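Written below as structure tokens is the structure these notes are about.
The values are calculated or read from the model by the stated rules, or taken from the named source; none is laboratory data. Just so it is clear, the structure is predicted and the values come from calculations on it, not from any experiment. Note: ideal-geometry Cβ built from the backbone for every residue, glycine included; neighbour counts use all protein chains shown. All accessible areas refer to the heavy atoms of the entire protein, side chains included, with ligands and DNA or RNA removed. Shrake-Rupley method; radii C 1.70, N 1.55, O 1.52, S 1.80 Å.
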Amino acid sequence: MSGGEGAPVRCDWVGIGDAEYARYHDEEWGVPHADDRRLFEKLILEGFQSGLSWITILRKRENFRKAFHQFDAEQMARYGARDIERLMADAGIVRNRAKIEAAIDNAKAFLALAEGDGLAGFLWGQVGGRPLIHRRRTMG
């Protein structure tokens, strides 16, 4: 953890001098929420992040939102071959067919969860409805 006098305490992974990453850390990362759509977006973006750095995905997030209809799961669940090709041609996102197809499958799973308690209800149910707080002393 780092932070000078008057500066917010930030995790070491944030780095120095990247305002977008710092804003993400300070305003979004580790902030609990229960909005299904927001959690769905995070799930999809995390899938695209696999094998890449989070900052790569964060810098492309607006492109992802446009490409995936603001992460509208109902629209995404109906994506077919033409949509997959459209996404594969979109240089603003990560163009990986397996990840694109997984995002579509995740939209279908998200809709199935919505018939119950939703994604937020499912996830929060795994931790008794409360965030787990880890008090690490170092990044190691």
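From the list ALA73, ALA67, ALA22, the lone residue that is under 25 Å from LEU132 (Cβ atoms) and either of a type in the set (Gly, Ala, Ser) or surrounded by 12 or more Cβ atoms within 10 Å (Cβ to Cβ) (or both) is ALA22.
Within region 50-63, residues that are within 14 Å of GLU20 (Cα to Cα) sit with their Cβ atoms under 6 Å from residues that are surrounded by 13 or more Cβ atoms within 10 Å (Cβ to Cβ), at 6+ positions apart or across chains, in these pairs: ILE55/TYR21; ILE57/LEU45; ILE57/PHE48; ILE57/GLN49; LEU58/TYR24; LYS60/ILE93.
The set of residues in region 122-140 being open to solvent by less than 70 Å² (accessible area, probe 1.4 Å), assigned to a helix (DSSP H, G or I) and without any contact (Cβ under 8 Å) to a residue 60 or more places away in the chain consists of GLY125 alone.
Give the residues of region 6-34 that are under 27 Å from ASN96 (Cα atoms) and either of a type in the set (D, E, K, R) or touching a helix residue (DSSP H, G or I) at 6+ places or on another chain (Cβ under 7 Å) (or both), sorted by residue number.
VAL14, ASP18, GLU20, TYR21, TYR24, HIS25, GLU28
In this structure, is GLU62 part of a helix (DSSP H, G or I), open to solvent by 70 Å² or more (accessible area, probe 1.4 Å) and more than 28 Å from HIS25 (Cβ to Cβ)? Answer is no for this residue. Residues that are in contact (Cβ under 8 Å) with a residue 12 or more places away in the chain, among the small types (Gly, Ala, Ser) and over 15 Å from LEU39 (Cα atoms) occur in region 98-105; there is at least one.
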